């Protein structure tokens with residue numbers, strides 16, 4: 001049982017970075033090892049959390065790393081605020097899905113975990129048609145700059161992938177968590193296919209159930225109906241011309257990042273601003289690296305091995 005306590009602590013420590021206590025079902029889903037039944041985990045949590053020597057405790061059905069009991073109140077407040085954010089996400093999705101070659105709109109970040117607060121961005125990941133990713137991205141970026149003054153408060157799209165390339169190659173606890181909690185606001189079917197093609201997540205969370213409604217149901221009504229406006233616009237753009245435009249836009253974006261961040265080594269710049277035919281990833285602050293570093297530090301503070309990173 002000592003091993004189980006370590007694994008539970010590891011799970012809670014990752015979410016402690018975000019001041020986000022977990023419920024029993026969530027802990028079970030995100031355990032890094034699969035060696036015990038769910039009922040036994042529930043019993044162990046209940047019995048261990050009351051002990052003074054335990055690294056975690058329980059309040060109102062939420063488990064947290066001691067002594068941060070106030071995080072339970074924070075999570076409840078964030079869950080309530082997230083209800084407002086889901087309404088905004090639905091409105092923004094209603095707009096985004098009409099842009100040419102957008103095939104799915106997915107919510108990531110804090111809202112995907114129902115953990116938004118007034119400072120949170122509305123983060124989206126888009127799946128586009130094959131060989132049309134850069135057309136979709138460019139049109140959406142121009143629209144946002146013109147009508148929303150490029151504000152991240154309205155929406156932020158940092159990740160684009162094409163429907164022929166659904167497998168995420170970066171594999172660590174950060175990306176695994178994002179995939180295991182991602183939610184669709186448009187095209188649930190494509191979301192489920194995305195999850196199935198990234199079943200490597202189970203290497204990090206063996207108890208995780210692919211397409212689990214508990215983790216992947218969004219906080220708003222999902223409208224999977226295709227846009228007539230989108231189909232009309234796409235019909236008017238010949239295939240060969242569209243493919244040529246797409247390639248040109250990709251090359252222009254690469255040059256833009258190179259000129260904007262000349263001080264960065266090519267390897268670091270290409271990681272932060274990945275620009276390929278079927279992937280566009282933009283993370284200027286390299287949040288993933290920061291989170292993984294914070295998690296590693298927390299594990300060291302509790303004398304726990306890093307394991308999968």
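Taken together, the values in this text are just the output of simple stated rules run on the coordinates, not laboratory data. What you see is a predicted model, and the numbers here were worked out from it, not measured in a lab. Note: ideal-geometry Cβ built from the backbone for every residue, glycine included; neighbour counts use all protein chains shown.
Within the listed set 41, 201, 107, the residue fluctuating most in the Gaussian network model of the chain (springs between alpha-carbon atoms under 10 angstrom) is 41.
Between the Cα long axis of helix 239-260 and the first principal axis of the chain there is an angle of about 60°, rounded to the nearest 10. Once each part is reduced to its C-alpha centroid, what is the distance from the range 226-293 to the range 64-93 in angstrom? The distance from the Cα centre of the range 226-293 to that of the range 64-93 comes to 31 Å.
Rounded to the nearest 10 degrees, the angle from helix 287-301 to the longest Cα principal axis of the chain is 10 degrees. Calculated over the range 2-85, the projected area of the Cα convex hull averaged across directions stands at 5.5 nm².
Counting only DSSP beta bridges whose two residues both lie in the chain, roughly 75 percent are antiparallel.
For the range 165-271, the relative contact order is 26 percent, taking Cα pairs closer than 8 Å that sit 6 or more residues apart in sequence and dividing their mean separation by the residue count.
Sorting check: for 89-102, 209-222, which peptide has the highest mean count of neighbouring beta carbons within 10 Å, and how do the rest follow?
Ranking, from highest mean packing down: 89-102, 209-222.
Note on the chain: GNM, Cα springs under 10 Å; of 115, 227, 267, the largest mean-square fluctuation is that of 267. Gain on full extension, evaluated as 0.36 nm per residue between residue 252 and residue 222 minus their Cα-Cα distance, stands at 7.4 nm. Rg then Dmax, both in Å and based on the Cα atoms of the chain: 20.6, 68. Roughly how tilted is helix 2-16, in degrees to the nearest 10 and between 0 and 90, from the longest Cα axis of the chain? It is inclined by approximately 40 degrees. For the residues 26, 170, 203, a GNM of the chain with alpha-carbon springs under 10 Å puts the largest fluctuation on 170.
Each helix, a run of at least 4 DSSP H residues, gives -39500 (n - 2.57); summed and divided by the residues of the chain, these come to -15500 deg cm²/dmol at 222 nm.
I'd like to compare 135-148, 268-281: which one has the highest average count of other Cβ atoms within 10 Å, and what's the full order after that? Let's see the in-between values first.
Numbers: 135-148: 16.1, 268-281: 17.8.
My ranking of the peptides, most packed first, is 268-281, 135-148.
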